[in-house]
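Asks: Once you've had a glance at the structure underneath, I'll fire off some questions.
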Amino acid sequence: MITVDPSGAVAPFEQVRSQIADGIRSGELAEGFRLPSIRQLAADLRVAAGTVAKAYSALESEGLIESSRARGTRVRGGNAHGARVRDAAQAFVDAAEGITLDEALGAVRAAWATHRDPG
């Protein structure tokens with residue numbers, strides 16, 4: 001379920017984009033899944049159609065979705081994380097009890113930097 005916090009620091013189109021991208025990468029939104037039309041999702045979220053259109057355009061540029069008049073907007077295949085990554089993410093979330101999402105992401109960024117640049 002996609003939600004938008006209009007008073008949040010993150011732009012509404014980015015909230016929509018990131019939630020759909022996360023759903024695709026997690027495997028929650030499977031290959032071929034049909035997303036709501038721009039107008040329908042905008043009405044459901046109570047945002048401007050341009051907000052959803054901008055999110056969909058970004059997702060299409062990232063190769064996560066594809067749109068056509070005949071088939072609508074659908075999830076492209078090959079973008080879900082593998083089971084190993086999903087399992088590791090779940091284990092991390094379970095272990096990160098008591099900290100905020102920002103703190104957890106900070107821990108991941110620090111570990112990522114150390115792993116990618118061990119110097």
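The values are calculated or read from the model by the stated rules, or taken from the named source; none is laboratory data. As the structure is a prediction and not an experimental result, all values here were calculated from the model. We place every Cβ from the backbone using ideal geometry, glycine too, and count neighbours over all the protein chains shown. Keep in mind that these areas ignore ligands, DNA and RNA; they rest on the heavy atoms of the full protein, side chains included. Shrake-Rupley method; radii C 1.70, N 1.55, O 1.52, S 1.80 Å.
Asks: Counting pairs of alpha carbon atoms under 8 Å apart in space and at least six apart in sequence, what relative contact order in percent does the chain give?
Replies: Averaging sequence separation for qualifying contacts and normalising by length gives 24 percent for the chain.
Asks: Ok, one more. Taking all protein chains together and a probe of 1.4 Å, list 7, 18, 57 from the most accessible to the least accessible.
Replies: Largest accessible area first, the residues go 7, 57, 18.
Asks: In debye, nearest 20, what is the charge dipole magnitude of the chain about its Cα centre with +1 on Lys and Arg Cβ and -1 on Asp and Glu Cβ, if you could check?
Replies: Values: 14 positive and 15 negative charges, 133 e Å.
Using Cβ point charges on Lys, Arg, Asp and Glu, the chain gives about 640 debye.
Asks: On to the next question. Rounded to the nearest 10 Å², what accessible area does residue 99 show when all protein chains are kept and the probe is 1.4 Å?
Replies: Probe radius 1.4 Å; accessible area of residue 99 about 80 Å².
Asks: In deg cm²/dmol, rounded to 500, what helix-only [θ] at 222 nm does the chain give when every DSSP H run of at least 4 residues adds -39500 (n - 2.57) and the total is split over its residues?
Replies: For the chain, the value works out to -17500 deg cm²/dmol.
Asks: Based on alpha-carbon positions alone, could you give the equivalent ellipsoid semi-axes of the chain from the gyration tensor, as √(5λ), descending, whole Å?
Replies: Square roots of five times the eigenvalues give 29, 18, 13 Å.
Asks: Follow-up. Per residue, how many Å² of accessible area does the chain show with a 1.4 Å probe?
Replies: Heavy-atom SASA per residue in the chain reads 69 Å².
Asks: Additional query: What part of the accessible area of the stretch 35-119, given as a whole %, is carbon or sulfur when the probe is 1.4 angstrom?
Replies: About 53 percent, which is the carbon plus sulfur part of the accessible surface.
Asks: Per residue, what volume in Å³ does the convex hull of the Cα atoms of the stretch 31-82 enclose?
Replies: In the stretch 31-82, the Cα hull volume divided by residue count equals 82 Å³.
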